[in-house]
Structures are given as structure tokens and as C-alpha cells.
There are 2 protein chains.
Amino acid sequence: MTAVDVEDELTLVFSALADPTRRAILARLARGDATAGELAEPFAISQQAVSKHLKVLEGARLISRTRTAQARPCALDPVRLDTAAGWIARHRQVWADRHDRLEEHLAALRAEQQGDAGNDEEAATP
Amino acid sequence: MTAVDVEDELTLVFSALADPTRRAILARLARGDATAGELAEPFAISQQAVSKHLKVLEGARLISRTRTAQARPCALDPVRLDTAAGWIARHRQVWADRHDRLEEHLAALRAEQQGDAGNDEEAATP
DNA sequence: AGCTTTCACAACCTATCGGTTGTACAAGCC
DNA sequence: GGCTTGTACAACCGATAGGTTGTGAAAGCT
């Protein structure tokens, strides 16, 4: 029940991060805890809308809220960010790797002076 | 026109990464170039749907396509991933930082034995 | 030239998103 | 007890996302 739905986690996290308002909320929260009302002010959207955004962020486990009377201070939870960062880092590595191998391959092709070879592995080489 | 709409870039990239199908497409492309048709097979969706996904990925500049006859090999573009990775890394740093400072702050509060201080910077401390 | 293959565009449908307004509920203040 | 504050839930709305089917265009095959 842990490693199976990492995909779902990724979807939740990336979806949450896909919204500029939500990123702004996270950025603001990073500079200090705030209540939903405080968060609503600078964003020119209603308090209810912020509440929804917080719900999304909470669903993605990017934040956690503690009930303190009627105030709902939001705490940032960096753990899920690691999930996203991990995916990106992994793929960045693969891509960089592939890019290197691609250049090698193209160099080899150029050296051999043939022009057709296979069916893939070609990129922007006009 | 470069540093201003980084927000837009982030939105595009995170939105693109928010879809499991698109992540699967990227993962598959990372293991080797493929055409839209080849990508369509394992995903149980139509070729047209994959074409749309590729368009989104291209719009986010996560991939670039080259026209080779009727085949459209997709090349991965790691640059935009850096944008996303940068944002995450930055915020992970801030969050970790905040977490440290928070603990420091709480320790300081505990040491001083006062109970009010400011208006923010409080978290789960029942 | 004609057929096939590979892809993308267009139109359409449904579900979800991001937003609003209205309301309710729980907790402090008078 | 009653008012105000802070937040969330519900209903609604327009726009968009993700999917489908249908069609057409461009390049290769025979």
C-alpha cells in the first residue's frame, strides 16, 4: 500500500503544483504560517476559493492543518515534495544520459557516413 | 520576456507532469524514442489521444518532435525539467530551513519561557 | 497512379477545475 | 445570550481537460 500508488501521489502533487495560486500559497506559507483568511487577502480571490486550494494542498499532503480554535494555521510538509523531486531527478538523469548517448550515436553515424541505419535515434540535425 | 513568465512555464510543466499517461509517455520515451503510434499501443487509448498528450508535452517543452517522413520521433528536452526541479529544490530548501528555524524558535521560546512573542511562527505545539 | 500507413485536426461529450454566492457551524467577545 | 469572526460545505457556473469518432493530409509501397 506504499510503493504501489506512488503514481497517484505524483498526480496529486503535480496537480497541486500546477496551479499558480497554489504555488503562491505555498511560497507565502514558506515565509510564515498563515490562516486561510490571511492567505485570501493578497490573492484577490474569495476566502472560500483559498479554502478549496488548501484542501487540494492538504489532499496532496503538501501541507497539514492544525485546528487551533477557529484559526487553521497551515504547516508545510516537505515529504511529498521529495516524491516529486525524486521523479524529476530520476528522469533528468535518464534524459541527460540519453542525450549523451544520442550525441555519441550521432557522432558514430557521422563517422560511418551512412545515412539510414535504423528507425529511431535521430534528433535535430539539419 | 524571459524571467517574467517562469510562472507560466511552471504551470505548463507541472500540468504536463500531472497526468499519469503523460508521465508514462515520458518514461517510455526516456527508454528510447517512439512514434505516436508506438506510444499509443501500451496505453489503451487512441492514437489521437496520444497525439494530444504529445502536443501538451511539446507545449511544455518537455519534448520536441522532428518530422521524418510520416513518422514523428519524439526527443526529450530536459531543460524545462530544470525549471520544475529548480522550483521544488528551492522550496524544499526553504521548508527544511523553516523547519530548522522553527525548532530553533521553539527551543528559544521554551528557554525563555514566555508564551506570546509574535503573531506567526507557531505550529503543532499542543 | 493507387493503396496503405502515420499522424493531426475538428467536432463533440462528459467530468473536473477554479471560481462565485449563500449558508451554516464552531469559537471567542460584549 | 447574542453578535462577530474564521472557516468550511453546498449549489451553481463557465472554462478546460481528456477522451472519443470521423476525416483528411502527407509520405512510403507496389
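The values are calculated or read from the model by the stated rules, or taken from the named source; none is laboratory data. Only a predicted model underlies this, so the values are computations on that prediction, with no experimental measurement involved. Note that we place each Cβ from the backbone using ideal geometry, even for glycine, and neighbour counts take in every protein chain shown. Surface areas here come from the heavy atoms of the whole protein model, side chains and all, with no ligands, DNA or RNA. Shrake-Rupley method; radii C 1.70, N 1.55, O 1.52, S 1.80 Å.
Stretching the chain fully between A:Ala49 and A:Ala71 yields a gain of 6.3 nm (0.36 nm per residue, less the alpha carbon separation).
Across the stretch B:40-52, computed HN-Hα scalar couplings (Karplus, 6.51 cos²θ - 1.76 cosθ + 1.60, θ = phi - 60°) run 5, 3, x, 9, 6, 10, 6, 4, 5, 5, 4, 4, 5 Hz from first to last residue, x flagging Gly and Pro. Buried on complex formation within the stretch B:33-78 (loss of at least 30 square angstrom of accessible surface versus the isolated chain, 1.4 Å probe, ligands and nucleic acids ignored): B:Asp33, B:Thr66, B:Leu76, B:Pro78. A crude spin-label estimate for the pair B:Glu7 and B:Glu41, with each label 7 Å from Cα along the Cβ direction, gives 4.4 nm. Taking other residues whose beta carbon is less than 14 angstrom from the beta carbon of B:Asp5, and scoring Lys, Arg as +1 and Asp, Glu as -1, yields 0.
Counting only protein heavy atoms and a 1.4 Å probe, tell me what percentage of the stretch A:6-78's accessible area is made up of carbon and sulfur. Roughly 52 percent of what the probe reaches on the stretch A:6-78 is carbon or sulfur. Assign one of three labels to the stretch B:6-78, namely rounded, prolate or oblate, based on the Cα gyration tensor with a ≥ b ≥ c the square roots of its eigenvalues; rounded applies when a/c is under 1.5, prolate when it is not and a/b is larger than b/c, and oblate otherwise. Prolate is the answer for the stretch B:6-78, as a/c is 1.5 or above and a/b outweighs b/c.
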